[in-house]
Amino acid sequence: MDVTVFKKSPILLYGSIVIALILWYMAIFAPLRQHAKEMELRIEAAELEQRRLKKELIQLSKMGNTIELKKRRLESLKTKQLPGSTPQEVSTKLQDLLVKKASDHGLNVITYRAGGIRTWKEYKVANVRMTVNADTETLVAFLQDVEKDSRLLRFKAINIAKIMGRKPVLRATIEVEALILK
């Protein structure tokens, strides 16, 4: 086409420019703009997902730390339990420990026996029952010694009766439990 035609007819020139702009807009600009909007939406979605995953990672990290702390605490507690691979062995060790502590404090041990194995939550508990004769001070010193022991022991029951006679004494039936964590 000759350029002189456009010089003579400005409507034709402006019409051609408008048509070219419309074609450029529809063929090039509009698809690029739509693609850019889609990319912006994808970026926003990815950023939201990234934030969600960071929060989840922080929560999992906290849970992992909590689990690690609980594992360390359990390992620490396992070192404080009485030795033995079976509940019967632990009962025997507990019985030996209590009889030794009683004799160290000068208590007169009348009876002692290992009780049955019980459960506390999901753990097994060894049980020993012993009966002793003692005066008040000696009995209190023995009970404090057992209480202060760093191993996993606890008093289950204590029954005390005063036996009258020429020399009055206290007769105490003491039941002690030891936690088994294995």
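The values are calculated or read from the model by the stated rules, or taken from the named source; none is laboratory data. This is a predicted model, so every value here is computed, not measured. For neighbour counting, all protein chains shown are included, and Cβ atoms are generated from backbone atoms with ideal geometry for every residue, glycine included.
What about LYS54, is it exposed (fewer than 12 other Cβ atoms within 10 Å of the Cβ), farther than 30 Å from MET164 by Cα and in the same structural domain as VAL146 (by TED's automatic domain parsing)? Judged against the criteria, LYS54 is not a match. So which residues in region 162-177 are hydrophobic (A, V, I, L, M, F, W, C) and not in a strand (DSSP E or B), if there are any at all? The one that is hydrophobic (A, V, I, L, M, F, W, C) and not in a strand (DSSP E or B): MET164. Among residues of region 58-82 that are touching a residue at least 60 places away in the same chain (Cβ under 8 Å), those with a Cβ under 8 angstrom from a residue that is in a helix (DSSP H, G or I), sequence gap 6+ or separate chain, pair up as GLN81/VAL90; LEU82/VAL90; LEU82/LYS93; LEU82/LEU94; LEU82/LEU97.
Consider region 97-130. How many of its residues are among the basic types (Lys, Arg), in contact with an Asp or Glu (Cβ under 8 Å, 6 or more places away or on another chain) and part of a strand (DSSP E or B)?
We begin by selecting, within region 97-130, every residue among the basic types (Lys, Arg); these are 100-101, 113, 118, 121, 124, 129.
Narrowing the set further to residues that are in contact with an Asp or Glu (Cβ under 8 Å, 6 or more places away or on another chain) leaves 101, 118, 129.
Subset that is part of a strand (DSSP E or B): 118, 129.
Result for region 97-130: 2.
The number of residues in region 128-144 being under 40 Å from the mean Cα position of the chain (by Cα) and surrounded by 14 or more Cβ atoms within 10 Å (Cβ to Cβ) comes to 8.
Contact map, region 85-97: residues that are under 16 Å from GLU147 (Cα atoms) paired with residues that are hydroxyl-bearing (Ser, Thr, Tyr), Cβ distance under 9 Å, separation 6+ or inter-chain. Pairs shown: GLN95/TYR112.
When the residues of region 81-121 are filtered to those that are within 11 Å of ALA178 (Cβ to Cβ) and either among the polar types (S, T, N, Q) or more than 36 Å from the chain's Cα centre (by Cα) (or both), the one that is modelled with the lowest pLDDT is GLN81.
Sub-7 Å Cβ pairs linking a first residue in region 119-144 that is within 18 Å of ASP96 (Cβ to Cβ) to a second residue that is buried (at least 18 other Cβ atoms within 10 Å of the Cβ) and among the charged types (D, E, K, R), at least 6 apart or interchain, are VAL125/GLU177; ALA126/GLU177; ASN127/GLU177, ordered by first then second residue.
Among the numbered conditions (1) among the aromatic types (Phe, Trp, Tyr); (2) surrounded by fewer than 16 Cβ atoms within 10 Å (Cβ to Cβ); (3) touching a residue at least 40 places away in the same chain (Cβ under 8 Å), the only one that PHE155 does not meet is (3).
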